[in-house]
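Here's the structure we're looking at; comments come further down.
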Amino acid sequence: MITGELKHKIDSLWETFWTGGLTNPLSVIEQITYLMFIRDLDDKDNLRSKEALMLGLPYKSLFDGEFSVGEKKMPGTQFKWSVFRDLPAANMFEILQNGVFPFIKNLHADKDSAYSKYMGDAIFMIPTAQKLSQIVDQMDGIYNSGLTDKDTRGDVYEYLLSKLATAGTNGQFRTPRHIIRMMVELMAPGSDEVICDPACGTSGFLVAAGEYLREKHKDEIFFNKERKAHYNNTMFTGYDMDRTMLRIGTMNMMTHGVDNPNIEYRDSLSDQNTDTGKFSLILANPPFKGSLDYDIVSTDLLKVCRTKKTELLFLALFLRMLKVGGRCACIVPDGVLFGSSTAHKAIRKALVEDNRLEAVISMPSGVFKPYAGVSTGILIFTKTGHGGTDKVWFYDMTADGFSLDDKRSEVKENDIPDIIARFHDLASEEGRGRTEKSFFVPKDEIVENGYDLSINKYKKTEYKPAEYPSTQEIMAQLHELEAEITKGLKELEGML
């Protein structure tokens, strides 16, 4: 968590961008991302040069040679952060705008570099030389405060992403970090997982999964050459259609210690996505409000549920993308759980009858504020292809550790630890009544109710009988009150 001096420096940097006219949070984060990338290029080049020198090996720097800056040629060493930061503001501005940015845009040809994968669209947006000089100085200060440490860097990036306080288009908004962490802990990924988020945005789910694995399986992964290579290169996959999000998502993964994540531009719901039976774990919060035309949706998905609603199509997609035995935890709007359309019932039937639906966790409507007030739930299921649902575990979450208004202030009430503990010990849930926080519902009852997965369909409210005094007691109390009033009136008359 970012606190104290480092937090103050980041807030000051953010304010510098805003006073310079960059008021779109995404644009600010993009520009900071590019500058971090440029600085890291210099640091890595210097490190590799020193290593080569120590080993007596030849080394060709990325910055060797001459490059165009406007109409003139300039040695590549001028593109190094450690060099241009000491130049006058006007010279620095010209080098970055006309030299460094075209330089990093051409680095995307290096397919081994996840950093440079989406730099082809990089746009230099810092308006003036004075602002650039101020920003470069502030970035140096942030780096000197510990940004080279991977854990600190990850926290810094999460703090920057927390400033995305406005909802995006097509129902996109950032999933709260504590909800993501809860879903990861519920799924408890192992070191051999192949994990995907087909609507990854800023890669929050993939980052949280990576952090969990570093905490729980550190020795197993990082002291095994094959598993470490899998962690850095093939374990994590994310798709999105917003190239800004892809750039930020890739950087987010890199700052959290995943060297080469597979973050790609792809319309997950179209024929462009051919992934079938590929992943062992899917973690996702897909767009809710989108409505697509049939002709751009993969025909495989329409066979499961013919609909234009993205939230239903994504569920069909998850089933297709998972391996047999693969698991999924995803967020869905409440309408998915009880909607009465043919498509709604078809996808719920596929989960219950053809696979193993394990849990439905109902979340309060304030969880996504201030982005949206929609009520949501979490579905947890395993792809089997031949059924396996005997009973489904329901949990009624009423608190997540934060107030459920727009302020989202921290509060004591928090069901998340209880949800995780109960889910990992489902045997102890047997016999719980329908009036409790959590309980099982047998498959047959769900089928009888048209595959309705709304917790309100099954939860029972315990009514406690109210006890009232007898009629005689009430009349006696009324007489006493009347006598007191009469006495008071007589005293008032005497005073007058």
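Residues of region 386-401 being buried (at least 17 other Cβ atoms within 10 Å of the Cβ) and either modelled with pLDDT under 90 or of a type in the set (Val, Ile, Thr) (or both), which ones? Hits for region 386-401 are Thr389, Val392.
Against the condition modelled with pLDDT under 95, of a type in the set (A, V, I, L, M) and buried (at least 18 other Cβ atoms within 10 Å of the Cβ), how does Ile248 come out, does it pass?
Numbers: modelled with pLDDT under 95: yes; of a type in the set (A, V, I, L, M): yes; buried (at least 18 other Cβ atoms within 10 Å of the Cβ): yes.
It is true that Ile248 is modelled with pLDDT under 95, of a type in the set (A, V, I, L, M) and buried (at least 18 other Cβ atoms within 10 Å of the Cβ).
Modelled with pLDDT of 90 or more, open to solvent by less than 20 Å² (accessible area, probe 1.4 Å) and outside any helix (DSSP H, G or I) - does that describe any residue in region 120-127? Let's see the steps before the verdict.
Taking region 120-127 first, the residues modelled with pLDDT of 90 or more are 124-127.
Going one step further and asking which of them are open to solvent by less than 20 Å² (accessible area, probe 1.4 Å), we end up with 126.
Next, from what is left, pick out any that are outside any helix (DSSP H, G or I): 126.
Yes: region 120-127 contains one or more residues that are modelled with pLDDT of 90 or more, open to solvent by less than 20 Å² (accessible area, probe 1.4 Å) and outside any helix (DSSP H, G or I).
Can you give me the ranges of the helices (runs of 4 or more DSSP H) entirely in region 263-345 with at least 3 residues that are touching a Ser or Thr at 6+ places or on another chain (Cβ under 8 Å) and within 26 Å of Asp452 (Cβ to Cβ)? Give the derivation first.
Values: elements: 299-304, 310-321, 334-338.
The qualifying helices (runs of 4 or more DSSP H) are 310-321, 334-338.
Scanning region 358-402 for residues that are within 29 Å of Leu164 (Cβ to Cβ) and in a loop (DSSP other than H, G, I, E, B) gives Pro364, Lys369, Pro370, Tyr371, Ala372, Gly373, Val374, Ser375, Met397, Thr398, Ala399.
Against the condition in a loop (DSSP other than H, G, I, E, B) and either at pLDDT 80 or above or closer than 17 Å to Met245 by Cα (or both), how does Ser116 come out, does it pass? Steps first, please.
Details: in a loop (DSSP other than H, G, I, E, B): yes; either at pLDDT 80 or above or closer than 17 Å to Met245 by Cα (or both): yes.
It is true that Ser116 is in a loop (DSSP other than H, G, I, E, B) and either at pLDDT 80 or above or closer than 17 Å to Met245 by Cα (or both).
Residues that are under 21 Å from Met125 (Cβ atoms) and among the small types (Gly, Ala, Ser) were ranked within region 78-105; the one that is least open to solvent (accessible area, probe 1.4 Å) is Gly99. Under the condition of being open to solvent by 10 Å² or more (accessible area, probe 1.4 Å), touching a strand residue (DSSP E or B) at 6+ places or on another chain (Cβ under 9 Å) and not basic (Lys, Arg), the residues counted in region 261-275 number 5. Could you please let me know if Phe63 is surrounded by 13 or more Cβ atoms within 10 Å (Cβ to Cβ) and at pLDDT below 85? It is false that Phe63 is surrounded by 13 or more Cβ atoms within 10 Å (Cβ to Cβ) and at pLDDT below 85.
Report the residue count in region 403-448 for those that are among the acidic types (Asp, Glu) and assigned to a helix (DSSP H, G or I).
Applying the first criterion (among the acidic types (Asp, Glu)) to region 403-448 yields 405-406, 410, 413, 415, 418, 425, 429-430, 436, 444-445, 448.
Those still in the list that are assigned to a helix (DSSP H, G or I) too: 418, 429, 444-445, 448.
Residues that pass the stated criteria total 5.
If you filter region 354-385 down to residues that are free of Cβ contacts under 8 Å to residues at least 40 places away in the same chain and either open to solvent by 30 Å² or more (accessible area, probe 1.4 Å) or of a type in the set (Ser, Thr, Tyr) (or both), you find that the one that is nearest to Val441 (Cα to Cα) is Glu358.
Reported count of residues in region 18-44, each being β-branched (Val, Ile, Thr) and either over 23 Å from Gly201 (Cβ atoms) or surrounded by fewer than 18 Cβ atoms within 10 Å (Cβ to Cβ) (or both), is 3.
Take the residues in region 67-77 that are in contact with a helix residue (DSSP H, G or I) (Cβ under 7 Å, 6 or more places away or on another chain) and open to solvent by 50 Å² or more (accessible area, probe 1.4 Å), then tell me which one is modelled with the highest pLDDT. Break it down stepwise before answering.
Of region 67-77, the ones in contact with a helix residue (DSSP H, G or I) (Cβ under 7 Å, 6 or more places away or on another chain) are 67, 69-70, 74, 77.
Subsequent filtering for residues that are open to solvent by 50 Å² or more (accessible area, probe 1.4 Å) retains 67, 70, 77.
Numbers: Phe67: 85, Gly70: 76, Thr77: 89.
Checking each candidate, the answer is Thr77.
When you scan region 469-490, do you find a residue that is under 60 Å from the mean Cα position of the chain (by Cα), over 30 Å from Ala421 (Cα atoms) and part of a loop (DSSP other than H, G, I, E, B), even just one? The answer is yes, given that some residue of region 469-490 is under 60 Å from the mean Cα position of the chain (by Cα), over 30 Å from Ala421 (Cα atoms) and part of a loop (DSSP other than H, G, I, E, B).
In region 303-328, the residues that are touching a residue at least 24 places away in the same chain (Cβ under 8 Å) form Cβ pairs under 7 Å with partners that are among the acidic types (Asp, Glu) and open to solvent by 10 Å² or more (accessible area, probe 1.4 Å), at six or more places apart or across chains, as follows: Arg320/Asp300; Met321/Asp275.
Among the candidates Lys323, Lys309, which residue alone is among the basic types (Lys, Arg), within 18 Å of Thr384 (Cα to Cα) and more than 19 Å from the chain's Cα centre (by Cα)? If you could, list the steps in order and put the result at the bottom.
On the way: Lys309 fails: within 18 Å of Thr384 (Cα to Cα).
Result: Lys323 is the single residue among Lys323, Lys309 that is among the basic types (Lys, Arg), within 18 Å of Thr384 (Cα to Cα) and more than 19 Å from the chain's Cα centre (by Cα).
With the condition kept exactly as written, say whether any residue in region 309-329 is under 21 Å from Arg181 (Cα atoms), at pLDDT below 80 and either touching a strand residue (DSSP E or B) at 6+ places or on another chain (Cβ under 8 Å) or not charged (D, E, K, R) (or both). Checked region 309-329: no residue is under 21 Å from Arg181 (Cα atoms), at pLDDT below 80 and either touching a strand residue (DSSP E or B) at 6+ places or on another chain (Cβ under 8 Å) or not charged (D, E, K, R) (or both). Taken together, the residues in region 38-82 that are of a type in the set (Lys, Arg) and part of a strand (DSSP E or B) amount to 2.
Given the residues Glu467, Glu448, Glu473, Glu436, which is the only one that is without any contact (Cβ under 8 Å) to a residue 12 or more places away in the chain, exposed (fewer than 10 other Cβ atoms within 10 Å of the Cβ) and of a type in the set (D, E, K, R)? Give the derivation first.
Working: Glu448 fails: exposed (fewer than 10 other Cβ atoms within 10 Å of the Cβ); Glu473 fails: exposed (fewer than 10 other Cβ atoms within 10 Å of the Cβ); Glu436 fails: exposed (fewer than 10 other Cβ atoms within 10 Å of the Cβ).
The unique qualifying residue is Glu467.
A count restricted to region 223-245 and to residues that are modelled with pLDDT under 90 and open to solvent by 40 Å² or more (accessible area, probe 1.4 Å) stands at 3.
One residue alone among Ile420, Ile446 is out of contact with any strand residue (DSSP E or B) (no Cβ under 7 Å at 6 or more places or on another chain) and modelled with pLDDT of 95 or more, and that residue is Ile420.
The values are calculated or read from the model by the stated rules, or taken from the named source; none is laboratory data. Computed from a predicted model, the values in this text were never measured in an experiment. FYI the Cβ positions are ideal-geometry reconstructions off the backbone, even for glycines, and counts take in every protein chain you see. With ligands, DNA and RNA removed, areas are computed over all heavy atoms of the protein, side chains included. Shrake-Rupley method; radii C 1.70, N 1.55, O 1.52, S 1.80 Å.
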